[in-house]
Amino acid sequence: MNTDCLFCKIIAGKLPSEQVYSDEKVVVFKDINPKAPIHLLIVPRTHIISLNELDDDDLTVHMMQLLPKLAKDQGLNGGFRTVINTGPAGGQIVFHFHIHLLGGGNLGGAGFAM
Ligand code: 5GP
Ligand code: ZN
């Protein structure tokens, strides 16, 4: 745990969150400022700064394969969007790696806006 990290504090239960799923590798909670009717953050329990520092094959596969399951659980049968912001120029604000899962309503094509 990184004591200065917001998401580490949420994972440790020191800050509140609306958690929807957790297992030995990840915690999933609702984004505090949702950009779509459903907006979840899939966050590894380990403090990994960004996608640049992700070097864990098991965790990578686990997170990728979890996404469609979470989407299904949320009733996103028509599809969903995933976003990974990496680094300041990539729009990353919280420097603990996470995947955004967005859906509900029609997110539209091209899809660069979150
Ligand atoms: P980033 O730009 O780093 O990919 O996204 C960080 C996300 O974390 C943003 O969508 C923001 O709304 C969300 N966020 C920031 N602080 C909190 C918080 O305290 N709780 C929750 N649940 N989400 C947060
Ligand atoms: Zn952290």
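The values are calculated or read from the model by the stated rules, or taken from the named source; none is laboratory data. Worth saying up front: this structure is predicted, and the values here are computed from it rather than measured. With ideal geometry, Cβ positions are generated from the backbone for all residues, glycine too; neighbour counts draw on all protein chains shown. Heads up: the accessible areas ignore ligands, DNA and RNA and are worked out on the full protein's heavy atoms, side chains in. Shrake-Rupley method; radii C 1.70, N 1.55, O 1.52, S 1.80 Å.
Being more than 11 Å from ligand 1 (Cβ to nearest atom) and open to solvent by 50 Å² or more (accessible area, probe 1.4 Å) is the filter here, so list the residues in the range 1-19 that pass it.
Passing the criteria: Met1, Asn2, Thr3, Asp4, Ala12, Gly13, Lys14.
Within the range 24-47, is even one residue without any contact (Cβ under 8 Å) to a residue 24 or more places away in the chain, under 12 Å from the mean Cα position of the chain (by Cα) and surrounded by 18 or more Cβ atoms within 10 Å (Cβ to Cβ)?
Yes, the range 24-47 contains at least one residue that is without any contact (Cβ under 8 Å) to a residue 24 or more places away in the chain, under 12 Å from the mean Cα position of the chain (by Cα) and surrounded by 18 or more Cβ atoms within 10 Å (Cβ to Cβ).
Out of the range 51-73, which residues are over 12 Å from Lys25 (Cβ atoms) and surrounded by 18 or more Cβ atoms within 10 Å (Cβ to Cβ)?
Correct list: Leu70, Ala71.
Scan the range 8-44 for residues that are under 11 Å from Phe97 (Cβ atoms) and out of contact with any Phe, Trp or Tyr (no Cβ under 9 Å at 6 or more places or on another chain) and jot them down.
The one that is under 11 Å from Phe97 (Cβ atoms) and out of contact with any Phe, Trp or Tyr (no Cβ under 9 Å at 6 or more places or on another chain): Val26.
Out of (1) away from ligand 1 (no atom under 16 Å from the Cβ); (2) at positive phi; (3) free of Cβ contacts under 8 Å to residues at least 24 places away in the same chain, what's the single condition that is false for Asp56?
Just one mismatch for Asp56, condition (2).
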